[in-house]
Amino acid sequence: MNKKDTGILNSPIILAFISGIMWALAFPPFPLGFLAFFMLVFLWQAIKNVDTGFQAIKVGYLWGLVGSFGTLWWVFLPTLPGMIAMIIYLPLFSALYVWIHYIVARKHPRLAIVFSPIFLVAIEFLRSSGKLGFPWINLSYTMTGYPVLIQFADIFGAFGISLWVAMINACIYFLFVKPLKWEFFVSAAVLLGLVFGAFGYGVHKMHRDIEGTTLRIALLQGNIDPYEKWTPKMRRMNAKIYSDMIRSVGSDIDLCILPETATACYHRTKRSMFSPLVEAVEEIGVPTLMGTLDFDDNDKNRYFNSAILVMPDGSYKQQYNKIQ
């Protein structure tokens, strides 16, 4: 292994804490997404200065704890127990990632940095999968402020964006720790390719001519308190608000879109709340996409956050259920 750096600024705890803070600040609403390009540099330096696998796990958990709390603290508004559970559970994946990096770095420190982006995305995929899947804190979402740089998501998806961000971190790491050595020049070339490749593709995609018919779309968002939305009184008021909004747009549009769970009910069982929306669609004669709740006919305990397309004749055969 490499010789450990000493001093308070090279303390694994402090470096992991700094990296976690950068992780949190890189997410919206802060306009600091660029911090994501440097956060792993601090974390990898922290891993370099740990002595045991158990210490690496503790550093990784601290990193994940700070990052998770910094991005998800607001969840306490709807559910304090849920927020506490998330910030205790999610850092376990961060600890696993840091431990894997540490194990590889013990014998191959350079290869650990090279392959760490792959390790990270693999852990993100694991954290995003299954019944407890949670992709909200994936690195890719730090890039929402730079749309021109992430257009290649149409090819590689969100995990491809995370890999790209982590690879930029790896290049920057070598620029700092291997000045004017061969790793420096290789990293500089790869970094330029990553940045300008993404930028060039983004410019091409965002400025290309789009063929097809122009659609006139109305986006409707009612000013409804989410904490009162599900009360019996407010659910009926919700139906009135959205049906009035649908009527207000008139027929001079091609598509009307309502938000997630706009119906505030299981549309197949609460006809009294759902019918006003369908009637409004029939009146204006415009297809309307609306969020609703639904369930599995074969298993009533399996329910979905869904979207349905209500047609001008009142039918709604087209439906999408969220995967989870």
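Those residues that are surrounded by 10 or more Cβ atoms within 10 Å (Cβ to Cβ) and either touching a strand residue (DSSP E or B) at 6+ places or on another chain (Cβ under 9 Å) or among the β-branched types (Val, Ile, Thr) (or both), I need them from the stretch 209-232; list them, please.
Within the stretch 209-232, 216, 217, 218, 219, 220, 224, 231 qualify.
Any residue at all in the stretch 233-245 that's closer than 16 Å to residue 219 by Cβ and of a type in the set (Val, Ile, Thr)?
yes
Looking for whichever is within 31 Å of the chain's Cα centre (by Cα) and more than 21 Å from residue 222 (Cα to Cα) here; the options are 313, 254, 299. Which one fits?
Numbers: 313 fails: within 31 Å of the chain's Cα centre (by Cα); 254 fails: more than 21 Å from residue 222 (Cα to Cα).
Selected residue: 299, the only one of 313, 254, 299 that is within 31 Å of the chain's Cα centre (by Cα) and more than 21 Å from residue 222 (Cα to Cα).
Go through the stretch 261-278 and give me each residue that's surrounded by fewer than 14 Cβ atoms within 10 Å (Cβ to Cβ) and either in contact with a Lys or Arg (Cβ under 9 Å, 6 or more places away or on another chain) or among the aliphatic types (A, V, I, L, M) (or both).
Selection gives 272 alone.
Test each condition in (1) within 22 Å of residue 205 (Cβ to Cβ); (2) buried (at least 22 other Cβ atoms within 10 Å of the Cβ); (3) more than 12 Å from the chain's Cα centre (by Cα) for residue 140 and report the one that comes out false.
(3)
Anything in the stretch 233-258 that is exposed (fewer than 14 other Cβ atoms within 10 Å of the Cβ), modelled with pLDDT of 90 or more and farther than 15 Å from residue 278 by Cβ? List them, or say none.
If the condition is that a residue be exposed (fewer than 14 other Cβ atoms within 10 Å of the Cβ), modelled with pLDDT of 90 or more and farther than 15 Å from residue 278 by Cβ, then 248, 254 are the ones that fit.
Yes or no: the stretch 228-239 includes at least one residue that is closer than 22 Å to residue 78 by Cβ, in contact (Cβ under 8 Å) with a residue 40 or more places away in the chain and out of contact with any helix residue (DSSP H, G or I) (no Cβ under 7 Å at 6 or more places or on another chain).
no
Across the stretch 34-71, what is the total count of residues that are touching a residue at least 60 places away in the same chain (Cβ under 8 Å), surrounded by 20 or more Cβ atoms within 10 Å (Cβ to Cβ) and within 20 Å of the chain's Cα centre (by Cα)?
7
The values are calculated or read from the model by the stated rules, or taken from the named source; none is laboratory data. All of these numbers come straight from a predicted model, not from anything done at the bench. Using ideal geometry, Cβ is built from the backbone for each residue, glycine included, and neighbour counts are taken over all protein chains shown.
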